[in-house]
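**Q** Can you read through this structure? Questions will come right after.
A short reminder: the numbers here are calculations on the coordinates, not readings from a lab. Note that the structure is a prediction, hence the values are computed from the model and not measured. Ideal geometry is used to build each Cβ from the backbone, glycine not excepted, and the neighbour counts take in all protein chains shown.
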Amino acid sequence: MIDRSHALPLSHPAKILGLSRGCLYYEPTPVSEHELGLMHRLDQLHVAHPFAGSRMLRDLLRLEGFNIGRRHVRTLMKRMGIEALYCQPRTTQTHRGHPVYPYLLRNLAITRSNQVWASDVIYIPMAHGFVYLTVILDWYSRHVLAWRVSVTMDVEFIMDALEEALETYGCPAIMNTDQGSQYTSERFLQALHDQDIQISMDGKGAWRDNIFVERLWRSVKYEDIYLHAYETPNEVKQGLKRYFAFYNSRRPHQAHAGQTPDTAYFSRLPVAEVA
C-alpha cells in the first residue's frame with residue numbers, strides 16, 4: 001500500500017492512514033539460533049514437567065548450561081503461549097474489551113459425540129523456527145475434527161479449523177475454549193452464535209478445564225514433533241496430516257477401552273446425525 005521508494009516522505013502516507021511512523025520504518029528481525037535453541041528446550045522441559053513455573057524452568061535450564069534469567073524465561077513462555085499447570089497469572093493473551101463466558105462443563109456428564117467440542121492453540125518447534133497449531137477436538141471421543149497450522153497466532157487459522165469442523169461434522173451443543181483473544185473475538189463468537197452453540201470458557205489458571213486438549217498436545221509432541229525435527233511449516237503440515245490420520249483411525253485410546261477415536265466418535269453420535 002505504501003511505496004517506500006516514492007519521493008514523498010513516509011510521514012505523509014502515515015498521517016493519511018492514521019499509522020505511526022515507527023511501524024513503517026520497523027523491519028522484523030528473525031529469531032536468533034540461540035533463542036530458538038532456548039525455546040525448543042524450554043518446550044521440551046514444559047511438556048516433561050508441566051507443573052514447572054518460570055523459576056523452576058530457569059533453574060532447569062541453568063543446570064544444563066544455559067545462562068538465562070527468570071524474566072527471559074517468562075518472556076519466552078509468553079511468546080510460546082505456555083504456562084505452568086497450576087493457578088497463576090495466565091500467559092493466554094486476553095482482551096479487556098472482549099466478553100468472557102462461564103465454564104459450563106463442571107459436573108456435566110458428557111456421554112455422546114458432538115455434545116462438547118474444545119479448541120486450543122499450541123507452540124510447535126521446528127529445526128529452525130516455530131509455528132502454531134490449533135485443533136477442534138470432540139470431548140467425548142477425543143476425535144480430532146479439524147486442525148490448522150499458522151506462523152502467527154491470529155484468529156484466521158482458528159476460524160478455518162472451526163468452519164471445516166462445522167461443515168464436516170455438524171454442530172456441537174457446547175464449544176469450550178480458553179479466554180484467549182482469538183476465542184473471545186467477535187468473529188469467533190458470532191460463528192458460534194449463528195449456529196446456536198453454547199459457549200464455555202476455562203476459568204483463569206484452571207488448566208484442568210481443558211485437560212483433554214492438554215493431553216492431546218503431549219501426545220502430538222512426544223509421538224510426532226520431537227521425533228522428526230521438521231524443517232519447514234509445510235513439513236510440519238505433512239507430518240501432522242499423517243499423525244492425525246493415525247491418531248484418529250489407528251491409535252487405541254485408554255478412555256474408550258482400546259477403541260480408536262474414530263470408532264468412539266461414530267458409535268456415539270445422536271440418532272438424527274447418524275441418519
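**Q** If I model a spin label as a point 7 Å beyond the Cα along the Cα-Cβ vector, how far apart are those points for L227 and T152 in nm?
**A** 3.4 nm
**Q** Give me the distance in nm between label points sitting 7 Å out from Cα along the Cα-to-Cβ direction at R62 and R218, one decimal.
**A** 2.8 nm
**Q** May I pose another question? Only Lys, Arg, Asp and Glu count, each charged at its Cβ (+1, +1, -1, -1), so figure out the dipole size of the range 125-165 about its Cα centre, rounded to 20 debye.
**A** Charge dipole of the range 125-165: 220 debye, to the nearest 20.
**Q** Give, in nm to one decimal, the length gained when the segment between R55 and N107 is fully stretched (0.36 nm per residue of separation minus the Cα-Cα distance).
**A** Contour length minus the Cα-Cα distance gives 15.3 nm.
**Q** Additional query: Based only on other Cβ atoms within 10 Å, what is the fewest-to-most ordering of F51, F266?
**A** F51, F266
**Q** Rank the residues V236, V151 as a footprinting-exposure proxy: fewest other Cβ atoms within 10 Å of their Cβ go first. Display every interim value, and only then the final one.
**A** Working: V236 22, V151 11.
Final ranking by Cβ density, sparse to dense: V151, V236.
**Q** Cα-Cα pairs above 17 Å in the range 144-193: how many percent?
**A** 31 percent
**Q** Between D194 and A127, what is the label-to-label distance in nm when each label sits 7 Å out along the Cα-to-Cβ direction?
**A** Using points 7 Å along Cα→Cβ, the separation is 4.1 nm.
**Q** Most exposed first by the Cβ proxy, i.e. fewest other Cβ within 10 Å, how do S113, S249, S150 rank?
**A** Ordered by Cβ neighbours within 10 Å, fewest first: S249, S150, S113.
**Q** Now, a different point. Between beta-carbons, use under 10 Å as the cut-off and find the net charge around E156, counting Lys and Arg +1, Asp and Glu -1.
**A** 0
**Q** Here's a follow-up. Taking the inverse of the average 1/r across all pairs of different Cα atoms in the range 33-80, what Kirkwood radius in Å do you get?
**A** For the range 33-80, the Kirkwood estimate is 10.4 Å.
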